[in-house]
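What follows is calculated from the coordinates using simple rules that are stated; it is not laboratory data. It should be emphasised that the depicted structure is a prediction, and the values quoted were computed from it without experimental measurement. Here Cβ is always computed from backbone atoms with ideal geometry, including for glycine, and neighbour counts include all displayed protein chains.
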Amino acid sequence: MEMLKRILYPKHRIGLETLKKNFEGKMVVITGASRGIGYELAKTLIAAKANLFLIARSENELISLCEKAHESGCLATYKAIDLRDRDALDQLCIELRQITQVDYLFVNAGKSIHRKLLDSIDRLHDFDRTMDLNFRSLVALSFALQPSLKSTKGKIIYTSSISTLYPSVPGWAAYHASKEAANVWCKTADVEFATFGIILKIAYMPLVHTAMSDVNEVYKNMPAYSAKEAADILIYLALNSRHSYMPWWARISTPIAYLISPIIRFVYRHLF
């Protein structure tokens, strides 16, 4: 299993000196910062001496991260907020517009839900919640920070899912619809924001072992990236010239999957 992981999930290590060279003194905003990938990303950037604005729901973890940042000589503040709360998000955007310079926005907060459409007929809120967090908050925060990102020719890095590159799987309509919406928005904004020097990048992340993914027993024992390894990928993407990341095997398998998509849909119809 370990050998399989090394092949399918190669690590992207970046040395501390390189991290400091690129992030020391930079202003970085991170959503989903209290757990999983966002938490590991924040810790790595604290070591790199970046200044942070951390956004998540879990206040205790945010306070702890800010304390670590202050001990390391970094500037750090936080906002404990549920990004699905539209009024709270509007207020956060007002606060973020006061920041004059932002170098990086890492949009990592996300919600995954697995439920078939027939089981969702009386649960329209499932779609509201996933769209609000996975898509709407990305748009709102990007608009709020557009002036401060423009001033530094900054970058927006969005954590998407590799699953959006394959034929749709039954049971994941709410999740995939919200992620696909965000993907399309990022690609469009990358073109339109280029006038201001702002770059958007999408990380089509494969399976990552986090509290969110490990709820699914099927995923729990599968090879996957750790949250720290996934955070390293986001940094790797932020620093290189590419506009997206996907694992090497996805570049091979996604075209094949779409070529045989009629067969895949036939199988899905009979399995689900």
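In region 147-195, a dipole from Cβ-located charges (positive for Lys and Arg, negative for Asp and Glu) runs towards its positive end, and of Trp185, Ser161, Ser148 it is Ser148 whose Cα lies farthest in that direction.
With the cut-off at under 16 Å, measuring from each backbone N in region 33-63 to a point 7 Å along the Cα-to-Cβ line of Leu75 picks out 46, 49-54.
Using R0 = 41 Å, the C-beta based FRET efficiency linking Lys116 and Phe196 works out to 0.45. Label positions at Thr152 and Lys68, each projected 7 Å from the Cα along the C-beta direction, are separated by 2.0 nm. Computed on the chain, with alpha-carbon pairs under 8 angstrom and 6+ residues apart, the relative contact order is 19 percent. Charging the Cβ of each Asp and Glu at -1 and of each Lys and Arg at +1, and nothing else, the dipole of region 45-169 about its Cα centre rounds to 440 debye.
Which percentage, to the nearest 5, of the DSSP beta bridges contained in region 83-234 is antiparallel?
Details: 0 of 13 bridges.
For region 83-234, the DSSP antiparallel bridge percentage is about 0.
The residue among Ile235, Pro247, Leu75 whose Cα reaches farthest toward the positive pole of the charge dipole of the chain, with charges on the beta-carbon of Lys, Arg, Asp and Glu, is Pro247.
Between Ser253, Ser137, Ser161, the residue with the greatest mean-square fluctuation in the GNM of the chain (Cα pairs under 10 Å linked by springs) is Ser253.
Rounded to the nearest 5, the antiparallel percentage of DSSP beta bridges internal to the chain is 0%. Counting only Cβ charges, +1 for Lys and Arg and -1 for Asp and Glu, the dipole size of the chain around its Cα centre is about 760 debye. Computing FRET efficiency as 1/(1 + (r/R0)^6) for Phe143 and Ala257, where r is the C-beta to C-beta distance and R0 is 35 Å, gives about 0.55.
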